[in-house]
1. When you go through (1) open to solvent by 90 Å² or more (accessible area, probe 1.4 Å); (2) hydrophobic (A, V, I, L, M, F, W, C); (3) part of a helix (DSSP H, G or I) one by one for residue 196, which number turns out not to apply?
2. So which of 303, 294 ends up being under 30 Å from residue 462 (Cβ atoms) and open to solvent by 80 Å² or more (accessible area, probe 1.4 Å)?
3. For region 478-485, check the following and say yes or no: at least one residue is of a type in the set (S, T, N, Q), open to solvent by 50 Å² or more (accessible area, probe 1.4 Å) and either in contact with a Pro (Cβ under 8 Å, 6 or more places away or on another chain) or not in a helix (DSSP H, G or I) (or both).
4. Is it the case that region 279-291 has a residue that's more than 30 Å from the chain's Cα centre (by Cα), at pLDDT 95 or above and within 30 Å of residue 372 (Cβ to Cβ)?
5. Conditions: (1) among the hydroxyl-bearing types (Ser, Thr, Tyr); (2) over 30 Å from residue 279 (Cβ atoms); (3) surrounded by fewer than 22 Cβ atoms within 10 Å (Cβ to Cβ). Residue 376 meets all but one. Number of the miss?
6. Would you be able to say whether some residue in region 531-546 is surrounded by fewer than 20 Cβ atoms within 10 Å (Cβ to Cβ) and part of a loop (DSSP other than H, G, I, E, B)?
7. If the requirement is being touching an Asp or Glu at 6+ places or on another chain (Cβ under 7 Å) and surrounded by 16 or more Cβ atoms within 10 Å (Cβ to Cβ), which of these qualifies: 444, 409?
8. Of all residues in region 504-530 being under 11 Å from residue 315 (Cα atoms) and more than 31 Å from the chain's Cα centre (by Cα), which is most open to solvent (accessible area, probe 1.4 Å)?
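The values are calculated or read from the model by the stated rules, or taken from the named source; none is laboratory data. Predicted model, so just to flag it, every value in this text is computed and none were measured. We place every Cβ from the backbone using ideal geometry, glycine too, and count neighbours over all the protein chains shown. Note: areas computed on protein heavy atoms with side chains; ligands, DNA, RNA excluded. Shrake-Rupley method; radii C 1.70, N 1.55, O 1.52, S 1.80 Å.
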Amino acid sequence: MKKTLLLLTKLYALAIAVFFIFRLLLFIVNLDKLSSDSISDILYAFVNGLRFDLVIIGYILALPALVLLILPAFKLQAKLALQIIKWFIVIIFAFAFSVCGIDIPYFNQFFARFTVEGMVWFWESPIFVMQMAAQEITYWIYTIPVLLFIYLFYKLINRIFANYSKSKTTIKKPIPYILGSILILGFIFLGVRGRIAQKSPIRIGTAYFSDDELLNKLGLNPNFTLIRSYLNSIDKRNKSIHLLPNDVAMKNLRQYLGLDTLHSNTISRKIAGDSAKQIKPNIIIVIMESMSAQKMAHFGNTQNLTPFLDSLYHKGMAFNNFYSAGIHTYNGIFCTLFSIPTVFHKHPMNNVSMKQYQSIPFELKKHNYNTVFYTTHDGQFDNVAGFLKGNYFDRIYSQADYPSEKVLSTLGVPDDYMFEYAIPNINKLANDTVPFLTAFMTSSDHGPRVLPEYYNPRTENIKTQMVEYADWALSKFMQMASEQEWFNNTMFVFVGDHGYIVDPIYSMPLSFNHVPILIYAPSIIEKDTVIENFGGQIDILPTILRITQMPYTNNTFGIDLLNSKRPAMYFCDNTGLGVINDSLYLILKNAETYLYKYRSG
């Protein structure tokens, strides 16, 4: 046992050292791209790198470790097995180190860690790529450390295995041996998972912690991004979807947005705003988990589950015909903040490239807003924290920031505690001379449903109790907010991330996408009104910017619902597309088409 543990420790240390040197080389070569002068941030990037390195090392050594631990139990021929294990380790690590070498010039060219797209690029044009590499001397420079490290690694592996094979491993005490083996494999598994948090293993977004893009990407291991990008490429959910030819789709979209359909292939629209009426209010967006319109009395629910939301519905600007883009929380977050519609089951935030998009924080950053996002649970779930950190949010608060005793389930802390925790932080932001954007993602009204002991519901069913609690948590937040100095200069936006299935009639239940939205700002919105125009989450960005009269260029699919009118609204579930207008509901799902007069049933 001790001998095997020593062998694995040496292998880990050797691989960590090589990966570290490659990361250091990448850092030195790209020092000109470093914008941060924080030594602690630089060190943290290298610590992040160690975490991602341990994932790759764990994947490579998991099988050899298992075999090495099993061999003594069955008294197998160790000599041949050790040779096979040794060459397996040498070959796989040689490939991993080669990827690290290739990654440096790739990063210099694209400012991105190596992915499967780089492999495809070589596969499709191997002669061109090799000629280009042959004519670029800097590409050859990186082959030297690769060959050197592979050679040194091979020599050291030979020595490590030679020492290991000198003495036989025998099992004198089976029970301690088995327990020790389980412990060793458990540590390897923990390294592969990358984190102890309950909900999510390590993700690309875990590396994103800073405003410095170089330091964010430095923490990644190119083998991790290569594998992750390959898995994404073979996932059927990520295949390209072509509902229409691109030119036809663009022409239709421009016509739908009221643009000239003949002379352009862009949807870019310059919005001038009104400088005389321009305001810069604080903006708080609360994305409400599973808040279907059908849970509200305003839309016909008779259980009085949302008295607070119902009371606000006639105290600001509300929309009766508003729809979520999809049926998942990641759809709700992405579409609300970025004004890009959902495409079936595609996960826009869970990608290796960590693309940056036009968004609410992007536009508000131009006007010097501070931007913060809160979630109750693990920020890395759905890659939310990393993605938003890379898309103009200054700070992400998640389960790791809250006291552990406040965590009730895998969904983290209850909604009201998240709001309570946020108030002092918002007060600090409000003390600055610049306005703030704070976005919240609630979670309590989602399984596993855990009702806080201090809340007393009226209903008996846990599902309706959680709706009551979620509404109460919102009322508590607004009560606390109303006592703060920044309240009168703040615009509150409440919107469901998606709905909830209530008495389904159609293959795409309307209650799953029909969500409430209300904009509450007594000192900004003078006239309380309920708007019947059709709209969706993708319209939030242009609509709130219309209220502020800030100038911007709209490159999104969204429209200003106060100045424009949609003839219909569209939305998705995992496999279907729904379109709804005043009288008809169209469903395109599973190669079938359905049309309903939904008003009359």
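1. (3)
2. The match here is 303.
3. no
4. Taking region 279-291 and keeping what is more than 30 Å from the chain's Cα centre (by Cα), we get 279.
The next check asks that each one be at pLDDT 95 or above; those that pass are 279.
Of the ones still in play, those that are also within 30 Å of residue 372 (Cβ to Cβ) are 279.
Yes, region 279-291 contains a residue that is more than 30 Å from the chain's Cα centre (by Cα), at pLDDT 95 or above and within 30 Å of residue 372 (Cβ to Cβ).
5. Only one criterion in (1) among the hydroxyl-bearing types (Ser, Thr, Tyr); (2) over 30 Å from residue 279 (Cβ atoms); (3) surrounded by fewer than 22 Cβ atoms within 10 Å (Cβ to Cβ) is unmet by residue 376, namely (3).
6. no
7. 444
8. Checked region 504-530; the qualifying residue most open to solvent (accessible area, probe 1.4 Å) is 526.
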